[in-house]
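Notes to accompany the following structure.
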Amino acid sequence: LCVAAVPVLFKQALENTAVEEGKSVSLRCELTKADATTVVWKKGEATLQASAKYEMKQKGTVAELVIHNAEPEDA
């Protein structure tokens, strides 16, 4: 029996979100497979790391990035 690996795709992509400076914002995307892989969040070429500013969550098919104390540089 030969089983081909099915790639993980985005079922729901990120949407543009506006937020007031200093507030928190949540960005979510949905994958086609639950817990298939760990989502890596990037800003340009830089990989974001979990910190007081960036909170990463992943449950089932939904991956979420919360940006605390948003600033114009976070665009």
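The values are calculated or read from the model by the stated rules, or taken from the named source; none is laboratory data. Bear in mind the structure is a predicted one, so any value in this text is a computation, not a measurement. Quick reminder, even Gly has a Cβ in these numbers, built from the backbone with ideal geometry, and neighbours come from all protein chains shown. Side chains included, ligands, DNA and RNA excluded: accessible areas come from the protein's heavy atoms. Shrake-Rupley method; radii C 1.70, N 1.55, O 1.52, S 1.80 Å.
Tabulated values for the structure
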| item | result |
| --- | --- |
| Some residue of region 2-10 being open to solvent by less than 80 Å² (accessible area, probe 1.4 Å), at pLDDT 85 or above and assigned to a loop (DSSP other than H, G, I, E, B) | no |
| Candidate set: region 25-41, residues that are among the β-branched types (Val, Ile, Thr) and under 24 Å from Asp74 (Cα atoms); chosen: the one modelled with the lowest pLDDT | Thr38 |
| Top-ranked residue of region 24-41 - restricted to ones that are of a type in the set (S, T, N, Q) and without any contact (Cβ under 8 Å) to a residue 40 or more places away in the chain, ranked as most open to solvent (accessible area, probe 1.4 Å) | Thr38 |
| Region 11-23, subset more than 12 Å from the chain's Cα centre (by Cα) and open to solvent by less than 70 Å² (accessible area, probe 1.4 Å), residue modelled with the lowest pLDDT | Val19 |
| Residues satisfying the stated conditions in region 42-74, i.e. assigned to a loop (DSSP other than H, G, I, E, B), modelled with pLDDT under 90 and surrounded by 13 or more Cβ atoms within 10 Å (Cβ to Cβ) | Thr61 |
